[in-house]
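As structure tokens, the structure follows; a few thoughts come after it.
The values are calculated or read from the model by the stated rules, or taken from the named source; none is laboratory data. Just so it is clear, the model here is predicted, and its values are computed rather than measured. Quick reminder, even Gly has a Cβ in these numbers, built from the backbone with ideal geometry, and neighbours come from all protein chains shown.
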Amino acid sequence: MSKKLLKRIKNKKTFWSWDVTTGQMSLGESLRELLDLEETRTSESLRKWSSFFEEKLEGHLNEFVQSKSEALFERTTVYNPEDCEREGVLVWSGEVVEYDKEEKPVRVAGQVECRWRGNNREFTMDEKAMLFETIMEYLPDSVYFKDKEGKYLAINEAALGILGLEEISQVLGKTNIDFFDKAHAEATRADEQQIMKTETPLVGKEEQVEIADLSNNPRWITTSKMPLYDMDGEVMGTFGISRDITSQKEAEILLQKNDRILKNLSRQVPGFFYTYQQTLGGNGRFSFASEGIRDIYELDPEDVKETIQPVVDRIHEEDVERVLGTMRKSAQALEPWELEFRVILPEKGERWLRERASAIKGPDDTIIGYGYVSDITKEMKAYKENEHLRRQFEAVLDTAPNLIFIKDLEGRYLMANKAASDFFEQKGDEIIGKTDIDIGIDEEKARALNELDKEVVEKDSQLLIPADKTIDKEGNELWHQTIKVPFYRTDSGEPSVLSVATNITQRKKKEKELNRSLDIIGQQNKRLTNFAHIVSHNLRNHAGNISMLLSLYGMEESEEEQQDLFKHLNAASERLNESIADLNEIIDQQYKFSNDRKRVNLSNYLSKIKEILTSKILSENVVIKENVPEDLNFDYNPVYLESILLNLLSNAIKYRHPDRRPVIELSAYEEEGHVHFSITDNGLGIDLDKYGGKLFGMYETFHENKNSKGIGLFITKNQIESMGGSIAAESIPGKKTTFNMVLA
Amino acid sequence: MSSVKNICIIDDDRIYTYGASKVIKDYMPENNVISFESGQAAIESMGNMRQSDQELPDVILLDINMPKMNGWDFLQKLKPFRKSVEKEMKVFVISSYIKKHKEELYRVEWDDQVSEFIPKPVTPDTLKSLLT
């Protein structure tokens, strides 16, 4: 059984199948529906179908089977059942689809076509003939009929024109050889013979022919030729219809040429360009699509010749509404548009496209659009990355605790991060365009800052402001460290300055605390060292002496010697007491509140000290030259001041040079709130290269002097430093000593 | 022990000097004692002794922490002085500055100059054993 046929039958479902042995006729479902048959009536013997089909059908089938013909079974029966309004003709076609072992046909199957007869009345034969004649005469296409030998049987007016003749009689009985060149005549003859032999029509054959017309130009003809049957259905010749398509053909050739040029051009253009056409209410299509569509949409230009749907299908689902909406609006308003959107391509995946298009009104209310589409994925990616970076950067800037801002050389803020805006108490962007003076910084400082900015640009190098103090509303000190770098604006290239200020208040505080504690630790360390010194040397010495003397005392028998020992024991004990007293003084002094300041007059205090030392000054004939302003008043601890002056003055007298009259020079002046005081003597002097490091240490003595305890300068230095001042010595041994002090 | 020794004490602590001298006088009466309050006084005096051919000290008990010229400076000055005389002079450094565990350190600098480093305070017994 031919599979092809069976498939066709099944597909159409209007099939029938006749069992040769039983005479049962089975009908396809759609055929039953067509004939309004009940569902149950699928298979019955033909005799039972007789009310539907003509009885002769069975005869035809039997005849067909017996003829063992391999051709198709083709018969027409009249359909005119009594109880049915419809009438018409059933055209049966089929073939033997099954044979038994002896090659006898077992089953015939095929299709039925129903041709219902309309209600229109039929033309009479005469009318039909007239209609034919009229059509023939006015048909612009040429129609001709030929017999088996190719001789013209009939020809219409149009055909006559093509042949360049006027009278039909000139044509009848002649063949193409009489009108065309030999090659063409033979070719057409071959066509005709083929058609007659196969009984297959030749449709739409295009050929170029030379016709004896005025222009002598070859003409393009399209011809359809069919076999011509006689009343008995035998082939008796051919007939043909030809149309002169020269002008279409020429237009087509021109179009193809243009198309080629356009194609070649479009290959040079990276994107995809098109013309678009939309009829009123109809679907749009790309009347022209450049080769670029392959790259841009991964489509063939042919895909969109009739519909833009393949392009629409490529558009990203999130963008498709936006694109179509814009296109609709543009078509209505006839306005150009530009869009960026995403597409999903089978090969390249997601891409960004930019489309620019404009629309004009064409004939018959159609819309004609012109557009250009380019791939901007790279651009978009770069832009997005940029944008992403910019956002990140801004976020970083705004979360940074540092004040970050850019000012131009006129001192106007071009940019400020959140920390900076907050610091200057400006909301949002309102700082932009303002100057430091505008935001409440005092004029002098604003000018100084602007000068620094100018310097940065001038030198084209960065600048560090290690520490800058501001006072906030609550009166707290705020410290900032600022780095300024030249910054050229990307838009105008104008120089400006980027500043990054870091709050170092905490660090500064810590630094101060650290310094203070370092000082304290240093001082305490010194005191501790001195204390250890006392314990290990003095006390031990005294104790050692006492124990030595006591053991000697125990052995001594001479009363006189005992008394002598006792005297020395006493002295040792006294010295021990003195040491302990000194220690007390130092400890006492260290716990005194050093900040107990009062207004003091240096001159008055000097007078007081001189009074205390009167007897010494007189006995040693001391000259005191005083260069101290009488109105030098300052805040100081009076007890300390007295102690300092007394100690230094008495030292100056104590270590006088034995060979000359002691001269002591005192001088003082005030500078930056501090009193600078110096005392110079012309005494013994001291080798500072040797003893400088020990000068202010405890129990350091440098002169063989009965009264030197090595404690005075130690206390003096302690007192001065605890007030925040300083003391230093310079000396020429044997000549003079100067103590310079800053009393803070 | 028959030979008379000249013992020189250099120390600014007069009570110590008194005590040490008394120990020597009481227990080693054959010895002579002289004392100085500083290195300066001692070296000057010894210079005079050499010039006038007086007997130089056989033993020097030297303190370290003294005004004007301390013990180390004295030792520095004594070095050339020793070379200029034939007298053998033993030096004992006796001072509260001396720490027994640091003796090696002192030795590096003063090994040939100093016989022994003794920390203060010293007992009469220590002094006795040192000088006999």
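Things worth noting here:
- When segment B:18-43 is filtered for residues that are free of Cβ contacts under 8 Å to residues at least 60 places away in the same chain, under 12 Å from the mean Cα position of the chain (by Cα) and facing chain A (nearest Cβ under 10 Å), the ones remaining, listed by number, are B:Glu37, B:Ser38.
- Meets criteria (of a type in the set (A, V, I, L, M, F, W, C), over 24 Å from A:Gly692 (Cα atoms) and more than 11 Å from the chain's Cα centre (by Cα)) for B:Val114: no
- Qualifying residue in segment B:53-67 (condition: under 21 Å from A:Leu552 (Cα atoms), touching a strand residue (DSSP E or B) at 6+ places or on another chain (Cβ under 9 Å) and surrounded by fewer than 21 Cβ atoms within 10 Å (Cβ to Cβ)): no
- Scoring B:Tyr106 on the criteria (1) within 21 Å of B:Lys25 (Cα to Cα); (2) surrounded by 16 or more Cβ atoms within 10 Å (Cβ to Cβ) leaves a single failure, condition (1).
This table checks each residue for (1) modelled with pLDDT of 90 or more; (2) within 14 Å of chain B (Cβ to nearest Cβ).
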{"position": "A:Asn647", "(1), (2)": "no, no"}
{"position": "A:Ala652", "(1), (2)": "yes, no"}
{"position": "A:Phe702", "(1), (2)": "no, yes"}
{"position": "A:Lys706", "(1), (2)": "no, yes"}
{"position": "A:Gly710", "(1), (2)": "no, yes"}
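- Cβ pairs under 7 Å, 6+ apart, first in segment A:537-551 and facing chain B (nearest Cβ under 7 Å) and of a type in the set (A, V, I, L, M, F, W, C), second part of a helix (DSSP H, G or I) and surrounded by fewer than 24 Cβ atoms within 10 Å (Cβ to Cβ): A:Met548/B:Pro124; A:Leu549/A:Leu565; A:Leu549/A:His568; A:Leu549/A:Leu569
- Flag if A:Arg412 is of a type in the set (Lys, Arg) and under 19 Å from the mean Cα position of the chain (by Cα): no
- Some residue of segment A:260-272 being assigned by TED's automatic domain parsing to the domain that holds A:Ile155 and either more than 30 Å from A:Glu157 (Cα to Cα) or crowded, with 17+ Cβ neighbours inside 10 Å (or both): no
- Checking A:Leu172 against (1) touching a strand residue (DSSP E or B) at 6+ places or on another chain (Cβ under 9 Å); (2) under 22 Å from A:Ile195 (Cα atoms); (3) surrounded by 14 or more Cβ atoms within 10 Å (Cβ to Cβ), the condition it does not meet: (3)
- Looking only at segment A:404-422, residues that are hydrophobic (A, V, I, L, M, F, W, C) and either without any contact (Cβ under 8 Å) to a residue 60 or more places away in the chain or not assigned by TED's automatic domain parsing to the domain that holds A:Asp472 (or both) come to 3 in all.
- For segment A:723-744, the set of residues classified as part of a strand (DSSP E or B) and either more than 25 Å from A:Arg660 (Cα to Cα) or of a type in the set (Gly, Ala, Ser) (or both) consists of A:Ser726, A:Ile727, A:Ala728, A:Ala729, A:Ser731, A:Met741, A:Val742, A:Leu743, listed by residue number.
- A:Arg351 being closer than 29 Å to A:Ile261 by Cβ, within 27 Å of the chain's Cα centre (by Cα) and in the same structural domain as A:Leu262 (by TED's automatic domain parsing): yes
- Count of residues meeting criterion [more than 12 Å from chain A (Cβ to nearest Cβ) and either touching a strand residue (DSSP E or B) at 6+ places or on another chain (Cβ under 8 Å) or closer than 12 Å to B:Gly19 by Cβ (or both)] in segment B:115-129: 3
- Test: residue in segment A:309-325 that is assigned by TED's automatic domain parsing to the domain that holds A:Asn258, within 17 Å of A:Phe272 (Cα to Cα) and assigned to a loop (DSSP other than H, G, I, E, B): no
- Condition check for A:Val675 on (1) more than 28 Å from B:Ala41 (Cβ to Cβ); (2) at pLDDT below 90: one failure, at (2).
- Those helices (runs of 4 or more DSSP H) of segment A:606-692 in which 2 or more residues are of a type outside the set (Asp, Glu) and closer than 15 Å to A:Thr716 by Cβ occupy A:638-654.
- Checking A:Gln426, A:Gln392 one by one, the residue that is farther than 25 Å from A:Tyr276 by Cα and assigned to a loop (DSSP other than H, G, I, E, B) is A:Gln426 and no other.
- In segment A:287-294, the condition of being among the aliphatic types (A, V, I, L, M) and in contact with an Asp or Glu (Cβ under 6 Å, 6 or more places away or on another chain) is met by no residue.
- Taken together, B:Val93, B:Val23 contain a single residue that is of a type in the set (A, V, I, L, M) and under 26 Å from A:Glu561 (Cα atoms), which is B:Val23.
- Flag if B:Tyr27 is of a type in the set (Ser, Thr, Tyr) and surrounded by fewer than 17 Cβ atoms within 10 Å (Cβ to Cβ): yes
- Among the candidates A:Leu498, A:Leu464, the residue that is among the hydrophobic types (A, V, I, L, M, F, W, C), modelled with pLDDT of 85 or more and under 32 Å from the mean Cα position of the chain (by Cα) is uniquely A:Leu498.
- Residues being farther than 21 Å from A:Tyr297 by Cα and of a type in the set (D, E, K, R) - total across segment A:346-377: 3
- Residue check for A:Tyr605: over 60 Å from the mean Cα position of the chain (by Cα) and touching a residue at least 60 places away in the same chain (Cβ under 8 Å): no
- Single residue of B:Ile7, B:Ile15 found to be away from chain A (no Cβ under 14 Å) and crowded, with 21+ Cβ neighbours inside 10 Å: B:Ile7
- For segment B:86-103, the condition of being within 15 Å of the chain's Cα centre (by Cα), touching a residue at least 40 places away in the same chain (Cβ under 8 Å) and more than 15 Å from B:Asp13 (Cβ to Cβ) holds for none of the residues.
- Here is the figure for segment A:239-291: residues that are of a type in the set (Gly, Ala, Ser) and not in a loop (DSSP other than H, G, I, E, B) total 8.
- Answer from A:Lys454, A:Lys473, A:Lys469 - the residue that is assigned by TED's automatic domain parsing to the domain that holds A:Ile406, part of a strand (DSSP E or B), on the phi < 0 side of the Ramachandran plot and out of contact with any Lys or Arg (no Cβ under 7 Å at 6 or more places or on another chain): A:Lys469
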